Every structure is written in structure tokens, then in C-alpha cells.
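Report on one structure; see the data block that follows.
The values are calculated or read from the model by the stated rules, or taken from the named source; none is laboratory data. What you are looking at is a predicted structure, and each value in this text was computed from that prediction instead of being measured. With ideal geometry, Cβ positions are generated from the backbone for all residues, glycine too; neighbour counts draw on all protein chains shown.
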């Protein structure tokens with residue numbers, strides 16, 4: 001069976017000491033694919049030219065052909081079949097596109113649930129000891145992003161991770177949880193119900209086999225996947241040390257956009273976020289519109305000809321901005337007698353719909369917004 005053969009090949013690579021992801025990919029490139037590594041007399045010229053590759057290949061082949069590898073691979077295959085888990089090698093067309101662009105992307109993912117095809121992906125990370133403010137900000141931001149139908153990615157940990165997954169589920173958004181262990185367990189155990197809900201409305205993913213030992217370093221490996229999956233990594237709360245800052249570092253190395261929520265210099269919960277912003281390693285985000293504007297995101301499938309349904313509040317905003325270009329949102333709030341929350345929600349919807357442009361709190365109609373005002 002082809003699937004079992006591929007699984008055994010990947011399992012052999014993962015379990016052979018001294019062969020990491022980059023060296024495994026070098027072998028795959030040298031020998032023209034996974035099959036090429038394990039064939040008997042493939043590319044002898046490559047073997048003679050690179051003694052290290054030759055040694056690694058021989059080591060791999062020995063383990064691949066061993067009874068231990070064969071038996072463990074069969075056991076893994078049966079576990080995946082029994083639990084509805086998909087093996088997704090890195091060279092498959094439906095391997096996540098953004099993650100596949102990372103030089104240290106995993107050779108394979110184990111997927112329980114369904115990985116979506118979506119335009120916008122947002123990774124949300126933060127402390128396990130989230131404050132009330134951090135949780136509220138997390139919920140508010142995801143709620144305001146919901147019209148874009150983004151995939152919300154996080155790590156199933158306590159605190160901000162839990163809040164991000166739970167909010168996405170409540171809003172009917174797809175959410176993906178990246179695990180630091182095999183799919184034979186859920187950590188922490190009290191998140192088992194949440195994990196099962198995520199499986200129904202997204203996916204649990206990992207690069208670890210079910211018989212993998214659980215090490216603290218697994219979290220670092222997991223964090224690079226969280227960063228690699230998305231265009232945006234959002235750090236909501238983080239101290240000066242922690243996995244969230246490592247995830248942000250990975251995202252910067254992958255040339256993705258990082259956003260961080262600032263806090264008081266006296267609040268340790270925000271010290272890491274403040275450092276990211278101060279060192280120009282993250283954009284400061286105080287409202288959802290910051291992300292939408294910097295990323296240039298619009299509703300999927302929106303175009304100039306689409307008729308946009310705007311409510312009376314949004315129409316009154318467009319009329320005032322049309323009459324007073326570059327009007328500040330504070331003046332809009334006063335003139336239209338709208339509280340800050342209602343105004344911000346309306347402005348964000350208009351901006352996401354491509355009807356309005358905002359910069360430094362000032363508003364300007366887009367061409368599409370002007371068309372929407374026409375009778």
C-alpha cells in the first residue's frame with residue numbers, strides 16, 4: 001500500500017538520529033524524492049561526491065528495512081486509520097501553502113479534522129496567565145475580524161490560546177490547534193472537550209507521531225508551525241520570556257507580519273509585547289483596523305461591482321466623510337452622536353468592505369464608497 005510505504009519512509013527519517021528536517025530535505029532533493037533515498041543503487045555519483053549524505057542515507061536505509069521500523073510504522077498506520085487522522089506529506093498539493101514556504105517546514109503533518117483553504121490566516125499567541133483585559137481584547141479582535149472569515153491558529157494552551165480557539169468556535173470561524181505532541185493525547189487534559197470541538201470546526205495538527213516522547217523542546221518546534229501557517233502573528237500578552245516571543249521571532253524570520261498589543265510599562269504581562277514594538281519587531285495594534293489597514297485585507301470575493309448592504313449608521317458615516325474628507329473619527333463620533341464602540345465597529349466594517357480608508361484616525365472615501373452613496 002502506497003500510503004503505508006510513505007508513512008514508513010517518513011517514520012524512518014523522523015526516528016533516525018542525526019537526521020533533521022534540513023538534512024532530510026537535502027537527501028530528498030539529492031535523490032529526487034523519498035523513494036530515491038531508499039532505492040538500492042540510485043545516483044551513485046551523488047553518493048561518491050558527498051560522504052556525509054552517503055552515510056546518512058545508509059543509516060536511514062538500515063533503519064527503514066528493520067523489523068522495528070516496519071512494526072512501528074504499521075502500528076502508527078493503524079492508529080491513524082482508527083482515529084480518522086490524515087498523513088499530509090510536505091510535497092502534497094494540499095499541504096498548507098504558507099507553511100510549505102518555510103525552510104524548516106515539517107516533512108509531514110498529522111491532521112485530525114479538516115485543514116481549510118482560506119485566504120486569511122491569523123495566529124494568536126500569548127501568556128497562559130491571561131488578564132481580563134487580554135482575554136477581552138482577544139475576543140473583541142477576533143469578533144471584529146470575523147467578516148473576513150479568517151482561520152484562527154493557536155496552540156491549545158491555557159490563557160490566550162484557549163480564548164482564541166473558543167472565540168473562533170463561538171463565531172463559527174475555522175480554527176486550527178497546533179500540538180506539541182502526538183494525537184494520542186491532549187495537553188492540557190482539561191482542554192479535551194475544546195480539542196474535540198476544534199476537530200469538528202477545523203483541525204488538530206502535529207508533526208509528532210503517536211509514540212513520540214514528550215519533551216519541553218517540542219513546544220519550540222510547535223511554535224514555528226504556528227508562525228509558519230499564517231500571514232499574521234498576533235501577540236496579545238507576553239512577559240519578557242516565553243513561547244509567544246519565540247513564535248514572533250519565527251514569524252519575523254519567515255518574513256510574516258507580527259503585531260503586538262502594548263501595555264503599561266508597569267505591567268509585566270505586557271513587557272514582551274512592549275519590547276517587540278520598541279525593537280521594531282512588531283507593529284503596535286490597539287484596534288482591529290490596524291491589522292486590516294497594514295495587511296490591506298478586504299472581504300473575500302469583494303469587487304467594485306458588488307452591491308454592498310450598508311446600514312443607516314454606516315450610510316450616515318459615508319455621507320459625512322464624503323462632505324468632509326479626512327475628518328477625524330473623534331469628530332465623527334461627536335457629530336453623529338455615536339459612542340466609540342459603535343463607531344469603531346461601523347468603521348471597521350466599512351474598511352473591510354473597501355468603502356472607506358483610514359489613516360491615523362482620519363477617514364476618506366474610496367472610489368467604491370463614493371459609488372455606494374450614489375442613488
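Taken over region 180-191, the criterion of being surrounded by fewer than 23 Cβ atoms within 10 Å (Cβ to Cβ) and either under 21 Å from residue 225 (Cβ atoms) or touching a helix residue (DSSP H, G or I) at 6+ places or on another chain (Cβ under 7 Å) (or both) is satisfied by 181, 182, 183, 184, 185, 186, 187, 188, 191.
Scanning region 121-138 for residues that are surrounded by fewer than 17 Cβ atoms within 10 Å (Cβ to Cβ) and under 25 Å from residue 200 (Cβ atoms) turns up just one, 128.
Within region 119-132, is there a residue that is farther than 30 Å from residue 271 by Cβ and under 18 Å from the mean Cα position of the chain (by Cα)? The answer is yes; a qualifying residue exists.
Taking region 117-198 and the strands (runs of 3 or more DSSP E) fully enclosed by it, the elements with 3 or more residues that are in the same structural domain as residue 239 (by TED's automatic domain parsing) and within 30 Å of residue 77 (Cβ to Cβ) are at 151-154, 175-178.
The residue that is nearest to residue 294 (Cα to Cα), among those in region 238-260 that are at pLDDT 95 or above and assigned to a loop (DSSP other than H, G, I, E, B), is 256.
When you scan region 338-355, do you find a residue that is surrounded by fewer than 16 Cβ atoms within 10 Å (Cβ to Cβ), on the phi > 0 side of the Ramachandran plot and either not in a helix (DSSP H, G or I) or not assigned by TED's automatic domain parsing to the domain that holds residue 239 (or both), even just one? No, region 338-355 has no match at all.
Of all residues in region 80-116, those satisfying the criterion of being free of Cβ contacts under 8 Å to residues at least 12 places away in the same chain, more than 13 Å from the chain's Cα centre (by Cα) and in a helix (DSSP H, G or I) are 81, 82.
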